1. Just to verify a result, which residue in segment 151-203, among those that are charged (D, E, K, R) and touching a strand residue (DSSP E or B) at 6+ places or on another chain (Cβ under 7 Å), is least open to solvent (accessible area, probe 1.4 Å)?
2. Is there a residue in segment 267-289 that is under 20 Å from T183 (Cβ atoms), in a helix (DSSP H, G or I) and more than 18 Å from the chain's Cα centre (by Cα)?
3. Could you check, for segment 227-250, whether at least one of its residues is within 13 Å of the ligand (Cβ to nearest atom), assigned to a strand (DSSP E or B), at pLDDT 95 or above and closer than 26 Å to T114 by Cα?
4. Can you pull out the residues in segment 122-155 that are out of contact with any helix residue (DSSP H, G or I) (no Cβ under 8 Å at 6 or more places or on another chain) and of a type in the set (D, E)?
5. When segment 177-222 is examined, which residues are found to be under 18 Å from the mean Cα position of the chain (by Cα), part of a strand (DSSP E or B) and more than 12 Å from the ligand (Cβ to nearest atom)?
6. For segment 60-75, which residues satisfy the criterion of being more than 14 Å from T209 (Cβ to Cβ), more than 12 Å from the ligand (Cβ to nearest atom) and either touching a helix residue (DSSP H, G or I) at 6+ places or on another chain (Cβ under 8 Å) or without any contact (Cβ under 8 Å) to a residue 12 or more places away in the chain (or both)?
7. Which pairs do you get when a residue that is open to solvent by 10 Å² or more (accessible area, probe 1.4 Å), found in segment 204-225, comes within reach of a residue that is part of a loop (DSSP other than H, G, I, E, B) and within 13 Å of the ligand (Cβ to nearest atom), reach meaning Cβ atoms under 7 angstrom, with the pair 6+ apart or on two chains?
Amino acid sequence: MKLRKTTAMAALALALTATAACGGKDGEAGDQEKKTDEKALPTYEVAKDVDIDSAVFEKAKKRGKLIIGAKADQPYLGFQNQSSKKYEGFDIEIAKMVAADLGFDPEKQVQFKTIDSSIRETAISKGQVDLMVGTYTINDERKKQVDFVGPYYMAGQDLLVRKDEKDIKGPDSIKGKKVCSITGSTPLQNIKENKGKYGAEPVEFGKYTDCVKQLIDGQVDAMTTDDAILKGYAAQRPTKLKVVGELFSEEPYGIGLKKGQDKLQKAVTDAVKKHQENGDYEKAYDATLGLSGSKFVEPPALDN
Ligand code: GLU
């Protein structure tokens, strides 16, 4: 009797382990897949005695921590591991290399904060984050509220569809189709403002993972946002999803910061430039975003 119970419990434990491995909350985005080649990541030397004439920097220095806004649901770009709570991805590496040059130890003195697309400008201008590094497209409208360093990467709007989709081949074939995207993102704005051109039925959510779920469940026909983000979801669910591959916008990524912090803006620009030139940027790319299937290309030239 005792033996039977033990066997049953072992079987139950095994079943639970198996369920955890292929499902669970985090499993929605396929957490079992490898999103970072940790051994291949560069390490960043922490600068000493950094002094920058900027209120945002001085406040961060005083608190001994740099607070960086990030995404938590974009595999390979900005992703928070639900068990370790650690953030990983290409944007996270960009944040870490910048932090190190500003004198903050990326492993001990950086606090990542999840900031959704719709609240980025508010979070920056209210000082809830010192910097924002999260698939953040530089554009004139946003420049009225925040400053940017960049572009450090060039993405473009694309479409994610179910693997068996045959009709949607690009932005010209989404007429009358339900296309999911998220509040406050430029790709959603594009299909909404150009309804006459694309004719898609926009479906709006707060988080990208909600759109992924809607797409897999057949509630929407496609999902739209930057190719870099979509490739991550397709790489996580290769049997269910595919990226269409017809870009229909330019999404230059920038690091957002509070307006009027010119010296900090310059220091962050110098940091990105330095790590692009010394090879860290490419190494970081290959160990993160590169794993989702897009080869490294030379980044665009930085402004200022
Ligand atoms: N890059 C686009 C944007 O900044 C879409 C990605 C995102 O939502 O972060 O709106």
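1. D158
2. Among the residues of segment 267-289, not one is under 20 Å from T183 (Cβ atoms), in a helix (DSSP H, G or I) and more than 18 Å from the chain's Cα centre (by Cα), which makes the answer no.
3. no
4. Residues satisfying the conditions are D140, E141.
5. Within segment 177-222, just C180 meets the criteria.
6. The answer is K62, R63, L66, I67, I68.
7. That search, which allows pairs on different chains as well, returns E204/T183; G206/D116; G206/T183; K207/D116.
One line per residue, one yes/no per condition, for (1) in contact with a strand residue (DSSP E or B) (Cβ under 9 Å, 6 or more places away or on another chain); (2) in contact (Cβ under 8 Å) with a residue 40 or more places away in the chain; (3) open to solvent by less than 30 Å² (accessible area, probe 1.4 Å):
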site: P252; (1), (2), (3): yes, yes, yes
site: V268; (1), (2), (3): yes, yes, yes
site: V272; (1), (2), (3): yes, yes, yes
site: Y285; (1), (2), (3): yes, yes, yes
site: L291; (1), (2), (3): no, yes, no
site: K295; (1), (2), (3): no, no, no
site: L302; (1), (2), (3): yes, yes, no
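The values are calculated or read from the model by the stated rules, or taken from the named source; none is laboratory data. As the structure is a computational prediction, the values presented were derived from the model and not from experiment. FYI the Cβ positions are ideal-geometry reconstructions off the backbone, even for glycines, and counts take in every protein chain you see. Please note that ligands, DNA and RNA were not included when accessible areas were found on the heavy atoms of the full protein model with its side chains. Shrake-Rupley method; radii C 1.70, N 1.55, O 1.52, S 1.80 Å.
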